[in-house]
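The values are calculated or read from the model by the stated rules, or taken from the named source; none is laboratory data. Just so it is clear, the structure is predicted and the values come from calculations on it, not from any experiment. Quick reminder, even Gly has a Cβ in these numbers, built from the backbone with ideal geometry, and neighbours come from all protein chains shown. Keep in mind that these areas ignore ligands, DNA and RNA; they rest on the heavy atoms of the full protein, side chains included. Shrake-Rupley method; radii C 1.70, N 1.55, O 1.52, S 1.80 Å.
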Amino acid sequence: MSGALLPEAVAGRFHLPPGATYLKSHSVGCQPRAAEAALRGALLAPWRETGEAWPDWLGAIDAWRAALAGLIGVEARDLCPATNVSAGLSRYISALGTATGRRTILLAPSAFPTIGYVASGLEAAGWRVRYLPGDADVRDPANWIAALDDDVALVVAMHVSSNSGALTDIAAVAAAAKAAGARCIADCAQSVGVVPVTPAAWGVDAVLGTSVKWLCGGPGAAWLWVAPHDRTALSPMERGWWSHENPFEMDISAFRYAPDARRWWGGTPDVAPFILSAAGIAEIAAIGVDQVQAHNRALQAMLRGALEARTPRWRWPAGAIGGTLCIDTGADQPRVAEALDRHNLRADFRGTILRLSFHAYSSAADVETAARALG
């Protein structure tokens, strides 16, 4: 097991909160030490030295697209920056209105709430939301197949569920959707950076992701990836001047969609979040996602081995999970919450479910601290 652990020196590449054991990478990943200099160099320096720094800023976003493309094995032109997952999903669904006569969006009740909010908010535009049964295991493709019919236009599947950590076989869900004549979009917010994300191999139609969690890139740098077969087939209703083939043409009566995923970009882009995101992606790429995952799983196993027999009232996760351990502490929740505070362990709860996660900068000593505090 120890062979799967990363060198302790890896932690030195990140800013860790002093005096705390940080186990909340499923919420916010720790800042790379290289991020501050990257922001100064790519955002502030060109702005200070040139005033109108758009060529440098757009070059930084192009560099971000290339870095993310390399990490997940796609073409950079199929990636569109987005402020957050909600914006990416909303723009994607807006493009389906003229691409299909179907009007049902299928998702699981365990999806991150913003997914349901976006989908249900489109009911005025004729869309309907259907949920899997509440007790359905999202990892079993049969449950998705049973819910599909000839009115489902889009299946939205979480690669990793935030409340349970369940790791879904996205390729199987995408195949089921395709067989039923529907598209499939994967939300990888809780997986990218700690679990391999491979859109091309999965056969999905689109992917949503964010940099704030396992990619250690901070908020504001999400994205939408659209598969090459839909590169020019979908035309989003929500658009702006940066969705234009040539944003600087400035002819208000002549709009032409950009020939790649930039057509989902919308208005004037953010820049700073993507510079910070690129710094995070660079660190994760240098370490290697497979190595981060092996390290994470080794530490998960160590904690489980130390605590499971001593916590018979807790319900530990079963089946495939991602980077977050989601443990139902039941009636023991108040004691566990107090122990977290007393020992300065940074984790969180969803109801009685304790969520804690180990990243590349976590260590065996963190496991020992958590086991002593919680056992």
Of all residues making up the stretch 118-165, the number that are surrounded by 20 or more Cβ atoms within 10 Å (Cβ to Cβ) and touching a Gly at 6+ places or on another chain (Cβ under 7 Å): 2
Failed item in (1) more than 17 Å from the chain's Cα centre (by Cα); (2) open to solvent by less than 50 Å² (accessible area, probe 1.4 Å); (3) hydroxyl-bearing (Ser, Thr, Tyr), with TYR92 passing the rest: (1)
Checklist (1) more than 30 Å from ALA365 (Cβ to Cβ); (2) of a type in the set (D, E, K, R); (3) within 20 Å of the chain's Cα centre (by Cα) applied to ASP251, failing item: (3)
Counted residues, the stretch 95-117 - those being touching a Lys or Arg at 6+ places or on another chain (Cβ under 7 Å) and open to solvent by 70 Å² or more (accessible area, probe 1.4 Å): 0
Qualifying residues in the stretch 199-227 (those that are more than 13 Å from the chain's Cα centre (by Cα) and of a type in the set (Val, Ile, Thr)) - the one surrounded by the fewest Cβ atoms within 10 Å (Cβ to Cβ): VAL204
Count of residues meeting criterion [farther than 12 Å from ALA360 by Cβ and either open to solvent by less than 60 Å² (accessible area, probe 1.4 Å) or at pLDDT below 95 (or both)] in the stretch 285-301: 2
Any pair with Cβ under 9 angstrom, 6 or more apart, that starts in the stretch 124-137 at a residue that is on the phi > 0 side of the Ramachandran plot and ends at one that is open to solvent by 70 Å² or more (accessible area, probe 1.4 Å) and outside any strand (DSSP E or B): none
Lone unmet requirement of (1) farther than 21 Å from SER164 by Cα; (2) touching a residue at least 40 places away in the same chain (Cβ under 8 Å); (3) in contact with a strand residue (DSSP E or B) (Cβ under 8 Å, 6 or more places away or on another chain); (4) open to solvent by less than 10 Å² (accessible area, probe 1.4 Å) for ILE281: (3)
SER253 being at pLDDT 95 or above, over 23 Å from VAL204 (Cα atoms) and open to solvent by less than 30 Å² (accessible area, probe 1.4 Å): no
Residue under evaluation PRO196, criteria (1) more than 22 Å from ALA53 (Cβ to Cβ); (2) free of Cβ contacts under 8 Å to residues at least 40 places away in the same chain, criterion not met: (2)
Test set (1) in contact with a strand residue (DSSP E or B) (Cβ under 9 Å, 6 or more places away or on another chain); (2) open to solvent by 10 Å² or more (accessible area, probe 1.4 Å); (3) aromatic (Phe, Trp, Tyr); (4) in a helix (DSSP H, G or I) - PHE274 fails condition number: (2)
Complete set of residues in the stretch 305-321 that are open to solvent by 60 Å² or more (accessible area, probe 1.4 Å) and of a type in the set (Ser, Thr, Tyr): none
Any hit, the stretch 182-194, residues being within 23 Å of the chain's Cα centre (by Cα), closer than 30 Å to LEU39 by Cα and surrounded by fewer than 24 Cβ atoms within 10 Å (Cβ to Cβ): no
Any chance ASP135 is of a type in the set (Asp, Glu) and over 23 Å from SER357 (Cβ atoms): yes
Criterion violated by ILE284 - all others in (1) over 27 Å from the mean Cα position of the chain (by Cα); (2) closer than 23 Å to THR168 by Cα satisfied: (1)
Unique match (being in contact with a Ser or Thr (Cβ under 9 Å, 6 or more places away or on another chain), under 21 Å from GLY12 (Cα atoms), surrounded by fewer than 19 Cβ atoms within 10 Å (Cβ to Cβ) and free of Cβ contacts under 8 Å to residues at least 24 places away in the same chain) among ALA337, ALA331, ALA365: ALA365
